[in-house]
Amino acid sequence: MSARTAPILPAPASWRLPDRGIVGMVSLIVAETAIFTIFVVAYLYYLGKNLSGPEPRQVLEVPVFISICLWASSATVELAVRALRRGSTRPFGLWWLATIVLAAVFLGGTAREWYHLIYVEGFTIRTNLFGTTFYSLVGLHAFHVMVGLVGLALVQAFAFLGRVGPEHAHRTHVLGLYWHFVDAVWVVVFTVVYVIGR
Amino acid sequence: MTSDSLTLGGAGAADARDGTFLETLHDWVVTVDHKRLGLLYIVYGIVFLAVGGLEATIMRVQLAAANLHVVSPQVFNRMMTMHGTTMVFLVGVPILFGFGNYLVPLMVGARDMAFPRLNALGFWLTAFGGFLLYFSFLGGDGLYGAGSAPDVGWFAYAPLTSTAFSKGHSTDYWTLAILLGGFGTIGTAINIITTVLCLRCPGMTLGKMPLAVWMFFTMSAMTLVVMTPLSAAQIMLCIDRYLGGHFFDTQAGGSAVIWQHFFWMFGHPEVYVLIIPGFAFASEIIPVFSRKAIFGYPAMVAATTGIGFLSMGVWAHHMFTVGMSSHANTFFALITMAVGIPTGIKIFNWLGTMWGGKIRFATPMMFCLGFLFQFLIAGLTGIMLAAVPFDWQLSDSYFVVAHFHYVLLGGLLMTIFAAMYYWFPKATGKMLSQTLGRWHFWLFVIGFHLTFDTMHIPGILGMPRRIYTYEADRGWDVFNLICTVGVAFQALAIVLFLWNVVRSLLWGKDAGNDPWDAWTLEWAVSSPPPHYNFALLPVVRSRRPLWDFKHPEDPDWLYE
Amino acid sequence: MNLVPNIFAPVSGHARALYTYSMLVLGITGAIFVVVASLLAYAVVRFRERPGDERVEPPQIYGSDQVEIAWTVIPVLIVIVLALVTTRTIHAVQDAPKPPGAIEVTAIGRQWWWELRYPDLGIVTANELHIPVSDPRNPTPTYLTLLSADVAHSFWVPRLAGKTDLIPNRVNHTWMDPEQPGLYLGQCSEYCGTQHAKMLLRVYVHTREDFAKWVATQKEAPVAEPKAAAGRHVFETTACLNCHAVQGTVGNGRFGPDLTHLMSRETLASGAALNTPENLRTWIRAPERLKPGSLMPAMQLEDRELDDLVAYLVTLR
Ligand code: HEA
Ligand code: HEA
Ligand code: CUA
Ligand SMILES: [Cu+2]
């Protein structure tokens, strides 16, 4: 090769760029936020525009307990990640398990709510505009909880096999970001559906 | 050209592997290399450009004279819908994301994208979306009735898409295909954003990135926040169609207008998602062939992000006729016209770049010059449409069709061709023929102007769009005939281009690393680049690292 | 007669307001084009590479704040001017007050024809709108309420009024104040399905006297002519009456056009064909032949029934 090689410039003293796991996850969260925004807008826009009953007030109970569970799981996941950073894998496993249990309780609660609405109240996605927007918005969120749960469960499985160590703290942190997002969305959905909407 | 070119990696074709056809095919299918994925996207887009062009040709033949019966109304409407959907989702988006994929890592001095496997997933989702859409042709009444291809128009206004008015599965194909492709695109956008933020080579601060990288970054960020609302709206449509929901069901109190809002919240930013990469190509090519640094880099960056933000607030200019309040109409008109300001800044900065330069009329530059003039006209007809009272007359007429083909062909497609001539040598190691390039350019420009200049007139004479035929007494026939004639020139131009590609691949002149004497990092590696891109990671000090290298006596970093 | 629906040949106050404004916008954008295109052309010609000087790079200039500010501020000013005029025209056209003499019409978009109702006059017709000239000194503009029975359509008569959509579950309005009698063509301009292209609209503008005459004939119930009795029997005993109304018969369907004064219309099925007895016959036998995809089914009648039916329909003047 007759070509000269690269001029070796002095590399800048400190060249640090953001971590790609975090940037990727934040981008994903931004995108997801846009999806939820549209569903929330549709929910609010159609509030009170039903041509026939039932209205939210008549059928919805405020799911206080499961909401607290979900929000609490944000704390447990954080504690788990911190434990892992310190290198304590056992506390990590326990906090992580707690997160999973709390998430499962949340999903179970939603399932019960829906069962009641569908089989007792006879209120479905076809009933009226409220039905359509309600099941879509809450369902979309529940779907995200499920996806998160699958992610959490995978980590748990590895943890059981003893394959999770402090070197994975960063990855669990990134997954934790997603989980915080799911919880934050529930704050919005909760407010919109059970506070403003009722 | 400087005799001693810089090599940061690769030794010509050292990377090319010999294998059986099957092995090669397998390599391409399972590849996670950003360059190969980029090329796959681009080839995919070109194939669909021919398909979409064919659909356009069918429409143009049907419209060549009044009261023709070349195809049935059903077939026409399907061609219209498939043409629009194909051109936007299967041509524009893939080609541009393909270039983004190919160029961004090379330009920022990275060895691959941030998430190579996600990248492959993105391409294959997009690809399957397209195949699913075209699979619809095989359904229903067989091919003559064009199967059960969608016939609701590319923006599929509710409630025409509801099960009551769109029986069968045509709309399902449309919505699922777009949903699928949308997910792929979102993945790729995340990838580009992360690559730009996290993988730049040492020394390349945000302010030293090539303009094209800034623009691909902006375009990806926009994709992230606008493609998702489209997906949300498609999910709602699916809920309506499959689960009996009422989002857009006007019988149950649902709103037809809210679909329009959701669609255009995506649809308008989408057109800038398409044109900003066009700007990216122009911003790389014009300086190189004017032999001058880009004029007003900070202003260009500001204008790009400015367009990005403003474009989120203009969507309802597609809805001036739905009966919004006069305040809403005024507001959206104002913001829309305001987008003209940053766009103008760009045109002026390109002008400033050429001013005092030495313009070389190589094929890529010819296409860029064509772009400058045509995009100027296109933008100004956009301003006419943004002028609400004028739009009450022009909306949904052929004037709008002329406007958007002017931006999409006169603007976007011209820069895409420019980019193909410019980066083809990098990607393949062979030059495209300049002579054929010139024929391609002139034939295309002539055909384009025959078709789309003329198309404004029937719009002014009251011809609505999306009609499969028209009456003879309206004075539209002559103009429509000229439009149709122009297509022949465009088709010939595109065939010449395809021939040029084939010919050059087989017998083209070798390109060398840096055929255009250019300044960004991709020209410092071999053509085609080795699959790891850079043997040693480059370190840069300015926006034009290769300029610094070629002109050590007067490097850019002294001035930036 | 020149029927070209040219937007630049307005014959109503509404269309003229849009026209005057459009000319201004064209002027401004035209001027921008001339200036910018000339600069571009000058640069391309002046700064082209000439033989002999290939090897020297031109002086590198990276930008200039003054120039940058200049070409930002000038467009800003242009946009401000445009915005001011735009606001005024939008307001003048969209929020125009309704004078007392206004004629009220409700237009309902349907796949693929126009149902036209004059609530104050008790008239129901289709596809051909009759309205009076509006004299500026004593204005009688027509105010339209726009509704849709199925999907979105759009009302557009270029020489009389800009577009306004007809959207289900929504009420829109527009108005027009024609200056000269005559026939003005328009057509649906929002894609509404298979036959969107054949959803034509004809607007007949009459002098006041002629309009009064037209109203009078439309208000008369058609006389039952004995020679049409057989056809009327066919009409009343087949499915026609499920979809069509004829005053004085049992038919009061609303899915298709009101046929009470069918023969007062010049075209059939929203302009798909001229309204002649032969076309009527073809239409009833096979609507597909004149308007493929039309929502009126082919009626499968015997030849004789068909003859009788047509003989009856042509009496509906
Ligand atoms: C690449 C795609 C692209 C681009 C870049 C644009 C750019 C613009 N478009 Fe276009 N548009 C489309 C693609 C695009 N459009 C498509 C696909 C549709 C139809 C969709 C459908 O219905 O199917 C459409 C439709 C459309 C409409 C709706 C018409 C209707 O349906 O009634 C409007 C209305 O405002 C509009 C306006 C504009 C404006 C103001 C710009 C501006 O961004 C242009 C800005 C540029 C300039 C103004 C020129 C340069 C500036 C200067 C020289 C500075 C000086 C100028 C001033 C001070 C004004 N467009
Ligand atoms: C990037 C976008 C893009 C591009 C490039 C084009 C390209 C063309 N378009 Fe398209 N068009 C749209 C985007 C685009 N269009 C959109 C979004 C719509 C709106 C749809 C809707 O209303 O829903 C539309 C609608 C539209 C209409 C209006 C339909 C209607 O309202 O009824 C018309 C009518 O003339 C038209 C014509 C054309 C023509 C003649 C070309 C030509 O430039 C095409 C030239 C290309 C060819 C002729 C192909 C030639 C190549 C070959 C023949 C290769 C042979 C193959 C091999 C050798 C492998 N287009
Ligand atoms: Cu009605 Cu188009
Ligand atoms: Cu737009």
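The values are calculated or read from the model by the stated rules, or taken from the named source; none is laboratory data. Quick caveat: nothing in here was measured; it's all calculated off a predicted structure. When we count neighbours, we look across all protein chains shown, and the Cβ atoms used for this are built from the backbone with ideal geometry, even at glycine.
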Response to the item:
Going through the range B:526-558 in order, the residues found to be free of Cβ contacts under 8 Å to residues at least 24 places away in the same chain, among the charged types (D, E, K, R) and at the interface with chain A (Cβ under 9 Å from one of its Cβ atoms) are B:Asp548
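Which one of B:Val487, B:Val502, B:Val478 is more than 16 Å from ligand 4 (Cβ to nearest atom), in a helix (DSSP H, G or I) and within 30 Å of B:Asn101 (Cβ to Cβ)? Show your work before the answer.
On the way: B:Val487 fails: within 30 Å of B:Asn101 (Cβ to Cβ); B:Val478 fails: within 30 Å of B:Asn101 (Cβ to Cβ).
Just one listed residue meets the conditions, B:Val502.
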Worksheet item: Within the range C:246-317, which helices (runs of 4 or more DSSP H) (wholly inside it) include 2 or more residues that are buried (at least 19 other Cβ atoms within 10 Å of the Cβ), at negative phi and free of Cβ contacts under 8 Å to residues at least 60 places away in the same chain?
Response: C:277-285
Worksheet, complete the sentence: Sole miss for B:Phe371 among (1) crowded, with 24+ Cβ neighbours inside 10 Å; (2) more than 13 Å from ligand 1 (Cβ to nearest atom) is condition (2)
Fill in: Residue list for the range C:194-230, filter: within 14 Å of chain B (Cβ to nearest Cβ), touching a Ser or Thr at 6+ places or on another chain (Cβ under 8 Å) and of a type in the set (A, V, I, L, M)
C:Ala197, C:Met199, C:Leu200, C:Leu201
Practice prompt. Return the total of residues in the range B:422-469 being surrounded by fewer than 19 Cβ atoms within 10 Å (Cβ to Cβ), within 16 Å of ligand 2 (Cβ to nearest atom) and more than 22 Å from C:Asn6 (Cβ to Cβ).
Written response: 5
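Considering B:Gly244, B:Gly207, which residue is without any contact (Cβ under 8 Å) to a residue 40 or more places away in the chain and either among the acidic types (Asp, Glu) or surrounded by fewer than 22 Cβ atoms within 10 Å (Cβ to Cβ) (or both)?
Residue meeting the stated conditions: B:Gly244.
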Worksheet item: Here are B:Gly323, B:Gly245, B:Gly254, B:Gly278: which of them is small (Gly, Ala, Ser) and within 16 Å of ligand 2 (Cβ to nearest atom)?
Response: B:Gly278
Worksheet entry | Among (1) closer than 20 Å to C:Phe33 by Cα; (2) away from ligand 2 (no atom under 11 Å from the Cβ) - the single one B:Phe404 does not satisfy | (2)
Item to complete: Kindly indicate whether C:Asp210 is in a loop (DSSP other than H, G, I, E, B), more than 30 Å from B:Ser326 (Cα to Cα), acidic (Asp, Glu) and more than 16 Å from ligand 1 (Cβ to nearest atom).
Response: no
Item to complete: Would you confirm whether any residue within the range B:253-260 is in contact with a strand residue (DSSP E or B) (Cβ under 7 Å, 6 or more places away or on another chain), in contact (Cβ under 8 Å) with a residue 24 or more places away in the chain and more than 9 Å from ligand 1 (Cβ to nearest atom)?
Response: no
Worksheet item: For B:Trp355, which of the numbered conditions (1) within 10 Å of chain C (Cβ to nearest Cβ); (2) within 10 Å of ligand 1 (Cβ to nearest atom) fails to hold?
Response: (2)
Worksheet, complete the sentence: The condition of being within 16 Å of ligand 1 (Cβ to nearest atom) and either among the hydrophobic types (A, V, I, L, M, F, W, C) or at pLDDT 95 or above (or both) holds, among B:Val71, B:Val43, B:Val32, B:Val88, only for B:Val88
Discussion item. I'd like to check something: does the range B:286-306 contain any residue that is more than 7 Å from every other protein chain (Cβ to nearest Cβ), away from ligand 2 (no atom under 16 Å from the Cβ), in contact (Cβ under 8 Å) with a residue 60 or more places away in the chain and in contact with a His (Cβ under 7 Å, 6 or more places away or on another chain)?
Written reply: no
Worksheet entry | Residues within the range A:128-145 that are facing chain B (nearest Cβ under 9 Å) and over 23 Å from the mean Cα position of the chain (by Cα), tallied | 2
Fill in: Members of the range B:308-335 that are near ligand 1 (Cβ under 9 Å from one of its atoms), at the interface with chain C (Cβ under 10 Å from one of its Cβ atoms) and hydroxyl-bearing (Ser, Thr, Tyr)
B:Thr321
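Please specify each residue of the range A:20-32 satisfying the condition of being at the interface with chain B (Cβ under 8 Å from one of its Cβ atoms) and either more than 13 Å from the chain's Cα centre (by Cα) or free of Cβ contacts under 8 Å to residues at least 24 places away in the same chain (or both). Can you show your working first?
Keep residues of the range A:20-32 that are at the interface with chain B (Cβ under 8 Å from one of its Cβ atoms), which gives A:20, A:23-24, A:27-28, A:30-32.
Correct list: A:Arg20, A:Val23, A:Gly24, A:Ser27, A:Val30, A:Ala31.
Check whether at least one residue in the range C:8-17 is closer than 20 Å to B:Lys346 by Cβ and either assigned to a helix (DSSP H, G or I) or more than 7 Å from chain B (Cβ to nearest Cβ) (or both), and report yes or no.
Applying the first criterion (closer than 20 Å to B:Lys346 by Cβ) to the range C:8-17 yields none.
So far as the range C:8-17 goes, no, none of its residues is closer than 20 Å to B:Lys346 by Cβ and either assigned to a helix (DSSP H, G or I) or more than 7 Å from chain B (Cβ to nearest Cβ) (or both).
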Item to complete: Restricting attention to the range C:59-99, report how many residues are more than 31 Å from the chain's Cα centre (by Cα), among the charged types (D, E, K, R) and more than 8 Å from chain B (Cβ to nearest Cβ).
Response: 1
Worksheet item: What pairs come up if the first residue lies in the range B:497-520 and is surrounded by fewer than 20 Cβ atoms within 10 Å (Cβ to Cβ), the second is polar (S, T, N, Q), and their beta carbons are under 6 Å apart, counting only those six or more places apart or on different chains?
Response: none
Practice prompt. Name every residue in the range A:46-90 that is buried (at least 16 other Cβ atoms within 10 Å of the Cβ), within 14 Å of another protein chain (Cβ to nearest Cβ) and of a type in the set (A, V, I, L, M, F, W, C), in order of residue number.
Written response: A:Leu47
Item to complete: Scan the range B:381-405 for residues that are more than 16 Å from ligand 3 (Cβ to nearest atom), among the aromatic types (Phe, Trp, Tyr) and crowded, with 24+ Cβ neighbours inside 10 Å and jot them down.
Response: B:Phe390, B:Trp392, B:Phe399
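Name the single residue that is farthest from ligand 2 (Cβ to nearest atom) among those in the range C:49-71 being under 30 Å from B:Leu334 (Cα atoms) and touching a Gly at 6+ places or on another chain (Cβ under 8 Å). Before the answer, list the steps.
Just the residues of the range C:49-71 that are under 30 Å from B:Leu334 (Cα atoms), to begin with: C:63-71.
Next, only the ones that are touching a Gly at 6+ places or on another chain (Cβ under 8 Å) stay: C:63-64, C:67-68, C:71.
Numbers: C:Gly63: 32, C:Ser64: 35, C:Val67: 33, C:Glu68: 32, C:Trp71: 29 Å.
If we take residues in the range C:49-71 being under 30 Å from B:Leu334 (Cα atoms) and touching a Gly at 6+ places or on another chain (Cβ under 8 Å), then C:Ser64 is farthest from ligand 2 (Cβ to nearest atom).
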Worksheet item: Which members of the range B:257-270 meet the condition of being within 16 Å of ligand 2 (Cβ to nearest atom) and more than 23 Å from the chain's Cα centre (by Cα)?
Response: B:Trp259
Worksheet, complete the sentence: Going through the range B:470-496 in order, the residues found to be surrounded by fewer than 18 Cβ atoms within 10 Å (Cβ to Cβ), within 14 Å of chain C (Cβ to nearest Cβ) and hydrophobic (A, V, I, L, M, F, W, C) are B:Ala472, B:Val478
Worksheet, complete the sentence: All conditions in (1) more than 15 Å from C:Val314 (Cα to Cα); (2) among the charged types (D, E, K, R); (3) in contact with a helix residue (DSSP H, G or I) (Cβ under 8 Å, 6 or more places away or on another chain) are true of C:Arg281 except (1)
Worksheet item: If you take the residues of the range A:33-45 that are closer than 19 Å to B:Met222 by Cβ and not β-branched (Val, Ile, Thr), which of them is farthest from the other protein chains (Cβ to nearest Cβ)?
Response: A:Phe36
